[in-house]
Amino acid sequence: MRALYFGTYERDYPRNAQVISCLRGAGVEVLEHHAGVWEGRRDSFRAGLGTAARLASAELRLVRRPQEQFDVLVVGYPGHFDLPAARRAAGKRPVVFNPLVSLADTFVADRGRFQPGSLAARALTAIDRRALRAASVVVADTRANADHLAEAGALDPERVEVCFVGAEERLFRPGWSPREPFTCLFVGKLIPLHGLETILAAAGSAPEVPLRLVGSGQLEEALADRPPNVEWVRWVDYERLPDELHGAGCALGIFGTSAKAQRVIPNKAYQALACGTPLVTADTPAARELLADEVSALLVPPGDPEALAAAVHRLAGDADLCRRLSEGGRAAYEAQASEAVLGLRWREVLERAVAA
């Protein structure tokens, strides 16, 4: 089978890189037809007129029919604006859309960039709906998110498949060996989804446990008054993240209270599991699709800093629990989210789309 990965997708974003890697590992020949827009931007939240101009130029380039021969076309993330060009390029062949998020959910409900009911919010809702409906098949990252995307696009649920995100195994491999002192690690964009306020409050309640926080973004002003035990690093090269995870006492996932936070498992969670790093994250319907509390992770109520502080205290004082979670988390990853498992799952999705 030959698949064409198509659009303005961000090449280095883990979801895209990992899907391409998985498919190739499963014996699918993956060609790329790419028009760059998002590369080199750490925070697309601040995207403005310059980005809009680059996107418009890229869409014009995508209108030209690709020369590559393929059986199925896959639109990568973010690709909501790419679907008209994708449909033209695909002709009668199936188009599989890998959106990862809803634009309205991200920029209105989660990040609050636009007010609900505003002209921009209505426009994003319409873009979501049209993009989702233009695809032959939509692939979501969790069952909870699949239900949301089906509703957003008014789709038959059978048109929405689920493939976990996973981790790039060329980088994220077992090797957890925590350094002293025991340190919690948070890596990610500082956006509402991640529950930064909860993380900082928990750090204040556990002043004897260092927290290394790596990231920048929308909410970084909140770090001006961070507790003394919080070390803030604005950026670490992606290639260095495995070393960060291997040396951490535990890794933190997300703790936000939004509807979106209930439906997603972030990249950093899969990366921690792949490295064997004990994971603490919010107890949500999405997390329960992959994880079991006290077996493969510690799950705490979203938005509850005291519960998060208590979980961190437990791990800092219980090496046996850390070891069990390291082994259990890695086992959950291998069984459900490894490249070998996801490669077969993605291939199955594409083969079904071609057959239909």
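The values are calculated or read from the model by the stated rules, or taken from the named source; none is laboratory data. These figures come from a predicted structure and were not determined experimentally. Virtual Cβ from ideal backbone geometry, glycine too; neighbours counted across all protein chains shown. These accessible areas exclude ligands, DNA and RNA; they are computed on the full protein's heavy atoms, side chains included. Shrake-Rupley method; radii C 1.70, N 1.55, O 1.52, S 1.80 Å.
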Given the condition surrounded by fewer than 20 Cβ atoms within 10 Å (Cβ to Cβ) and among the β-branched types (Val, Ile, Thr), answer yes or no: does some residue in region 60-67 qualify? yes
Of the residues that make up region 156-175, is at least one within 22 Å of residue 76 (Cβ to Cβ), small (Gly, Ala, Ser) and surrounded by fewer than 21 Cβ atoms within 10 Å (Cβ to Cβ)? no
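If a residue must be touching a residue at least 12 places away in the same chain (Cβ under 8 Å) and not in a loop (DSSP other than H, G, I, E, B), how many such residues does region 151-178 contain? Full working, then the answer.
Going through region 151-178, the residues touching a residue at least 12 places away in the same chain (Cβ under 8 Å) turn out to be 152-155, 159-178.
Subset that is not in a loop (DSSP other than H, G, I, E, B): 152-153, 159-162.
Qualifying residue count for the region: 6.
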Regarding residue 319, is this residue open to solvent by 50 Å² or more (accessible area, probe 1.4 Å), over 20 Å from the mean Cα position of the chain (by Cα), over 30 Å from residue 1 (Cα atoms) and among the small types (Gly, Ala, Ser)? yes
Looking at region 1-22, which of its residues are within 18 Å of the chain's Cα centre (by Cα) and among the aliphatic types (A, V, I, L, M)? 17, 19, 20
In region 207-237, the residues that are under 21 Å from the mean Cα position of the chain (by Cα), closer than 16 Å to residue 248 by Cβ and of a type in the set (A, V, I, L, M, F, W, C): 213, 214, 233, 236
If you go through 353, 335, the only one that is modelled with pLDDT of 95 or more and out of contact with any strand residue (DSSP E or B) (no Cβ under 8 Å at 6 or more places or on another chain) is 335
For region 55-92, give me each residue that is in contact (Cβ under 8 Å) with a residue 24 or more places away in the chain, farther than 29 Å from residue 193 by Cβ and in a loop (DSSP other than H, G, I, E, B). 65, 66, 68, 69, 70, 71
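Looking only at residues in region 81-126 that are more than 16 Å from the chain's Cα centre (by Cα), open to solvent by less than 30 Å² (accessible area, probe 1.4 Å) and within 18 Å of residue 55 (Cβ to Cβ), which one is modelled with the lowest pLDDT? Before the answer, list the steps.
Filtering region 81-126 for residues more than 16 Å from the chain's Cα centre (by Cα) gives 81-96, 104, 108-109, 112-126.
Of the ones still in play, those that are also open to solvent by less than 30 Å² (accessible area, probe 1.4 Å) are 82-83, 85-86, 89-90, 94-96, 104, 108, 121, 124.
Filter again for within 18 Å of residue 55 (Cβ to Cβ), leaving 82-83, 85-86, 89, 104, 124.
Values: 82: 94, 83: 95, 85: 94, 86: 95, 89: 94, 104: 90, 124: 94.
Residue satisfying both the conditions and the ranking: 104.
Quick check: anything in region 33-40 at pLDDT below 90 and crowded, with 23+ Cβ neighbours inside 10 Å?
Let us first name the residues in region 33-40 that are at pLDDT below 90, namely 35-40.
Next, only the ones that are crowded, with 23+ Cβ neighbours inside 10 Å stay: 37.
There is at least one residue in region 33-40 that is at pLDDT below 90 and crowded, with 23+ Cβ neighbours inside 10 Å.
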